[in-house]
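Participant: Mind looking over this structure? Questions follow.
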Amino acid sequence: MATVESSVVARGATAHSVRPADSLGSNSDAAARDVAGRIGPWQLAKLINESELARVYLARPVEAGEDAAPGYVVKLLRNGWWRDPVAIEMQRRAAWVGRKVSHPHLLPVLAANVKQPPFYTVSPRLEGSSLEAILRRSGPIAMPSALWIARQVAEALDALHTATRMVHADVKPANVVVGPDGHATLVDLGFVHSPTETRHWSARPVFGTLNYMAPETLSSAIAADHRSDLYSLGVMLYEMLAGRLPLSSGAAEELIRLHREGKPECIRDARPGTPKSVASLIHRLLAKEPLRRPESAGQVVEELVRLEIECFAEMRESA
């Protein structure tokens, strides 16, 4: 059985879901030479994030030696959850989905140990920043870039939904990593589940983020399916363009009420100059009733491709 020889505890981390660090450049590479421990064939080079459930490390194969750059990320379930069947099943499912679905915009799982403690998955290290960090740093995103990022995430969701019939259940800017070239990758498969397994949000110890959760996931009255991910995508696209969430509140119960009943400000008012066709897609994605949203992520991809073309055509005409 693999064992963790040592570990480092980060201070002040409060994220509810694990994700790659916002930016890990050459300085971080140098810092990562300080060995944090070893787990099986992996040398844990540096702790980069942690949550209630897991710790995330930069890592390298032990055989590569300590001078090798850490080109992998190991997500390790914290030992306090090693006897929790739900947490273990979440890790196993993430490993299964990450190996089953091969898509350039969905983070793969290259290796895993999910049969006995310690439970962990291994993925390639991504260069770039989380979309959350980009929004926090720069505010609203240019229309062509926002549509491009949304389309890439929609492509990842289409691959996930088609290949596994699973719901990602945690689509949000913190779980989208954008590379220096604009390539977007949807990460964190820790909460994937089938629609038949959906439970009321309050019954889940850690499940998604309320700001991005569809109304049906916040109620036991309506079944949730792949269209719940499309609602989350709509929230994210609105935020990219407006620089703020369509619905927000500091109180959980009020936020839940807003997702169920509240009407967001029209994106054309929140972001003047937004084309009607873009606004139409966003507000259909944000429909309270799942049946009023686009039928599939694939359909959203097709629409976003058309909107990107229209957007670039308008830019050429106005140049």
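Participant: If amide hydrogens are placed 1.01 Å from N in the peptide plane, which non-local residues have theirs closer than 5 Å to the one on residue 128?
Facilitator: Amide H neighbours of residue 128, under 5 Å, 5+ apart: 24.
Participant: Mind checking Rg over Rh on region 129-318, alpha carbons, Kirkwood formula for Rh?
Facilitator: Using only Cα positions, Rg/Rh for region 129-318 is 0.94.
Participant: What nm distance separates the two modelled labels at residue 92 and residue 288, each placed 7 Å from Cα along Cα→Cβ?
Facilitator: According to this spin-label approximation, the distance is 4.0 nm.
Participant: I would also like to ask the following. Please list the non-local residues whose amide H lies under 5 Å from the amide H of residue 40, H modeled 1.01 Å from N, same-chain partners needing a gap of 5 or more.
Facilitator: Result for residue 40 returns 3.
Participant: For region 115-172 and region 228-305, write down the distance between their C-alpha centroids in whole Å.
Facilitator: 17
Participant: While we're looking at this one, here's another question. Based only on other Cβ atoms within 10 Å, what is the fewest-to-most ordering of 269, 225?
Facilitator: 269, 225
Participant: Evaluate the charge dipole of region 26-124 about its Cα centre and quote only its size in Debye, nearest 20, assuming +1 on the Cβ of each Lys and Arg and -1 on the Cβ of each Asp and Glu.
Facilitator: 380
Participant: Could you give the dipole magnitude of region 129-318 about its Cα centre, charging the beta-carbon of Lys and Arg +1 and that of Asp and Glu -1, in debye to the nearest 20?
Facilitator: Here region 129-318 has a charge dipole of around 360 debye.
Participant: Continuing with the same structure: Specify which residue in the list 53, 76, 101 is farthest towards the positive end of the charge dipole of region 26-124, using unit charges on the beta carbon of Lys, Arg (+1) and Asp, Glu (-1), about the Cα centre.
Facilitator: 101
Participant: Over region 129-318, what is the relative contact order in percent, taking alpha-carbon pairs closer than 8 angstrom and at least six residues apart?
Facilitator: Result for region 129-318 is 26 percent.
Participant: Right, another one. Which of 281, 286 comes first, and how do the rest follow, when ranked by fewest Cβ neighbours within 10 Å?
Facilitator: Least crowded to most crowded, the residues run 281, 286.
Participant: Testing the spin-label approximation: label points 7 Å from Cα along Cα→Cβ at residue 163 and residue 266. State their distance in nm.
Facilitator: About 4.1 nm separates the two model spin labels.
Values in this text are rule-based calculations from the coordinates and carry no lab data. As the structure is a computational prediction, the values presented were derived from the model and not from experiment. A quick note on method: Cβ atoms are made from the backbone with ideal geometry, for glycine too, and the neighbour counts reach across all protein chains shown.
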